[in-house]
Amino acid sequence: MRKDRLVEVLRKNAVTVMFVLLCLGGMAVSGQTTAYVTYELFGRLARNAFLVLALIIPIVAGMGINFAVTIGAMAAQIAVLWVIEWGVSGIAGFTLAALLTMPIAMFFGFLIGNLLNKMKGQEMIGGMILGYFANGLYQLLFLFIFGNLIPLKTPGLVIMGSTGVANTIDLSTERGFKYALDGIWRLPFGSALYVVCAAVAVVTVVMMAAKKTSAKKGGIILATAAALCLLYQIPAVAQLFSMVQVPMATFIVIGALCLFNVGIMRTRLGQQFRAVGQNRTVANAAGINVDRVRVIAIMISTVLAGWGQLIFVQNMGSFQTYGAHEQVGLYAGAAILVGGASIKRATNSQALLGCILFHLLFIVAPSAGKNLFGDAAIGEYFRVFVSYGVIAMALVMHAWSGHSKKKSQKA
């Protein structure tokens, strides 16, 4: 019985197990120090985790991986262009870009959701094709309309000797907002760990006093926080994180999104998301407006993706005007699947685990490819292959699972 259970667990988490093994093997042959890997990993988590978490609600609503988050990223880049043009810099510029992104992304999400309602069961391929179509309109907007029909006066924002927006938008200038969010509050990893553990302890004690959590559960949380602080006192452990500077404000925003995902699922709307995701026919019979719920799910995801793209570009300090958004859906979708999510079920923990494993492989793959084959490009090709392969494997496993269920029901 235990053997059958183990086989079932391994089957359901085959992608995650495979990635853990790939990451361990890659680290072993890459030659990179663990301190460098953790430094790079925290940087990637800060700029990518929000985008991956933005995919959860459409999955719960039964719409699969929302590859149309690419369009949310386009909305953010349109907002960034205007903020740069108006010369609003720093955290004020970042906030204004976020406010501008919301109505643009909501409008795009409304259109996407209504179109996806016309292709129920094919939402993922529909979202991907919509991304390609929207990219054509985006190119037209930035190459012809901006700088030509709509003049841009900011130096360096228009292609020299031509019309259209420059190939790269630099956020490190006095008109930009590089590190606007990341730079608010940075702490060494040790200090960040103490702050987080202290905050968790205070919240746990308050919840125990209010009898909103049991003494047993609260004791486990407090003991875990204390154990982490004690573990960090070991010099070898502290050395692993010696290079890491944690952008606290960014991770607080990521944590807020995790709480939002949990909180909304406890509301009436969240219950409707679950009902529609489990069975549209039953949900409709229960009086739920299925099409409306699906549109709301896509609108929320598109807005969150736009904000995630803002976090990404402020961390990078610049972005390629015509290409920065193109791989957003692919990489975010692959990351959440790596964490053990499926196209029917996803949680915050799966999204974060997938983000860690996916980007850990991205860090070690080039060096591993160079050491194994003498060419770092092989590692680059491998990780792109893995991105598509993970999505393909998830779809195959979903189809296989559905076929097995139908077969068992007939039997």
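The values are calculated or read from the model by the stated rules, or taken from the named source; none is laboratory data. Note that the structure is predicted; figures quoted are calculated from it, not measured. Note that we place each Cβ from the backbone using ideal geometry, even for glycine, and neighbour counts take in every protein chain shown. To get the accessible areas, we keep the full protein, side chains included, count just its heavy atoms, and leave off ligands, DNA and RNA. Shrake-Rupley method; radii C 1.70, N 1.55, O 1.52, S 1.80 Å.
Points worth noting:
- Remark: the Thr34-Ile184 segment gains 51.3 nm on full extension, using 0.36 nm per residue and subtracting the alpha carbon distance.
- Between Glu326 and Ser349, residue separation times 0.36 nm minus the direct Cα-Cα distance comes to 5.7 nm.
- Put simply, the C-alpha atoms of the chain give a gyration tensor, and the ellipsoid matching it has half-axes of 33, 30, 24 Å, longest first.
- Length-normalised contact order of the chain in % [C-alpha pairs under 8 Å, at least 6 apart]: 34 percent
- Rounded to the nearest 10 Å², the accessible area of Thr173 at probe 1.4 Å: 60 Å²
- Most to least accessible of Ile252, Ile159, Ile169 (protein chains only, probe 1.4 Å): Ile252, Ile159, Ile169
- The shape of the stretch 304-386 comes out oblate: with a ≥ b ≥ c from the C-alpha gyration tensor, a/c is at least 1.5 while a/b does not beat b/c.
- Residue-level accessible surface for Met207, protein heavy atoms, 1.4 Å, Å²: 80 Å²
- Accessible area per residue, Å², the chain with all protein chains present, probe 1.4 Å: 50 Å²
- Rounded Å value of the spacing that divides the Cα centres of the stretch 138-170 and the stretch 314-340: 23 Å
- Accessible carbon and sulfur surface of the stretch 68-158 relative to its total accessible area, %, 1.4 Å: 76 percent
- Here the spin labels are modelled as points 7 Å beyond Cα on the Cα-Cβ line, and at Ala209 and Ala92 they lie 4.0 nm apart.
- Amide H contacts under 5 Å for Thr168: Thr321, restricted to partners 5 or more places along the chain or on a different chain, H placed in the peptide plane at 1.01 Å from N.
- Accessible-area order (highest first, 1.4 angstrom probe) of the listed residues Tyr132, Tyr194, Tyr232: Tyr132, Tyr194, Tyr232
- Ordered from largest to smallest accessible area (heavy atoms of protein chains, 1.4 Å probe), the residues Met27, Met265 come out as Met27, Met265.
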